[in-house]
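The values are calculated or read from the model by the stated rules, or taken from the named source; none is laboratory data. Model, not experiment: these values are computed from the prediction. Heads up, the Cβs are rebuilt from the backbone with ideal geometry, glycines too, and the neighbour counts pull from every protein chain shown. Quick note on the areas: whole protein, heavy atoms, side chains included, nothing else; ligands and nucleic acids left out. Shrake-Rupley method; radii C 1.70, N 1.55, O 1.52, S 1.80 Å.
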Amino acid sequence: MKILAFDTCLDKMYVVLKEDENVLASEIIENQGGKYHSAFLISTIQKVLGANNIKPQDINLIATNIGPGSFTGIRACTTVARVMAQQLDCKVKGVSSLEILARCASANPLVALDARKNSAYLYVDGEIKGAIQLEEVQKLVQNGNYNVITDNKLKPLLGGVSYQENDYRLGEILAELAVQEDGDGDWHKLKPLYIQPPPMG
């Protein structure tokens, strides 16, 4: 099975091509020259497929991050994933960035990402809890035995490890989780995970 996975929700863009258990390509793209990294998504996909002599029609499963994260990034990768799956008549699976980051902890993960408005997007005890006030997240961290995965903004407050300071293979984790994800892979059912409404204006 050939899997194309991509993620533009977080601070870097990940594009991964796998055939069964073998990683054929794993690209990481950062923001460049004032352009947000998602601007390079299509060209990176074309580069990865071309370098491995794989046609888009050969893809069996598309995997994408559905959020939370950058609203621009969520829109970019879910839209591209839906269009490609529709055009290629292949399966598509969406995975939350919180679930992806939870796989970076050795055990008992608590994932908290900045959600602004004095809150954090929270994943704990195997569930996405939504946007939770930071005071509540701090209490959980203090009272529980969690491995905390967070971002640069919340690390001073919550401790733990910032995913932004580590070279986690997030694209490869996304590809692995998509294979395990339930569902029939119908592109109609792929929706962005907007825990909070997009900012106005």
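Among SER106, SER119, SER97, the residue with the largest mean-square fluctuation in a Gaussian network model of the chain, with springs joining Cα atoms closer than 10 Å, is SER106. With a ≥ b ≥ c taken as the square roots of the eigenvalues of the C-alpha gyration tensor of segment 84-189, please select rounded if a/c is under 1.5 and otherwise prolate if a/b is larger than b/c or oblate if it is not? Prolate shape, in that a/c is at least 1.5 and a/b is the bigger ratio. Estimated at 0.36 nm per residue, the fully extended path between SER43 and VAL179 surpasses their Cα-Cα distance by 46.5 nm.
Sparse packing (at most 14 other Cβ atoms within 10 Å of the Cβ) combined with a DSSP loop state is found for the following trypsin sites (Lys or Arg not before Pro) in segment 92-149: ARG116, LYS117. At a probe radius of 1.4 angstrom, the accessible area of the chain per residue rounds to 50 square angstrom. Modelled this way, with points 7 Å down the Cα-to-C-beta line, the labels at SER106 and ASP125 are 2.4 nm from one another. Taking a point 7 angstrom from the Cα of VAL161 along the C-beta vector, which residues in segment 173-192 have backbone N less than 15 Å away? Taking a point 7 Å out along Cα→Cβ of VAL161, the residues of segment 173-192 whose backbone N falls under 15 Å are 173. Set against the labelled values (i) 8, 30, 26, 16, 9, 5, 3, 2, 1, 0; (ii) 8, 33, 30, 19, 9, 2, 0; (iii) 9, 37, 35, 16, 3, 0, P(r) over Cα pairs in 10 Å bins from 0, in percent computed from this structure falls on (iii). What range in the chain is the longest one free of GluC sites (Glu not before Pro) that are in a loop by DSSP and have at most 12 other Cβ atoms within 10 angstrom? Longest gap between qualifying sites, sites excluded: 31-201.
Segment GLN133..LYS12, full-extension length gain: 41.0 nm, with 0.36 nm per residue of separation and the alpha-carbon distance subtracted.
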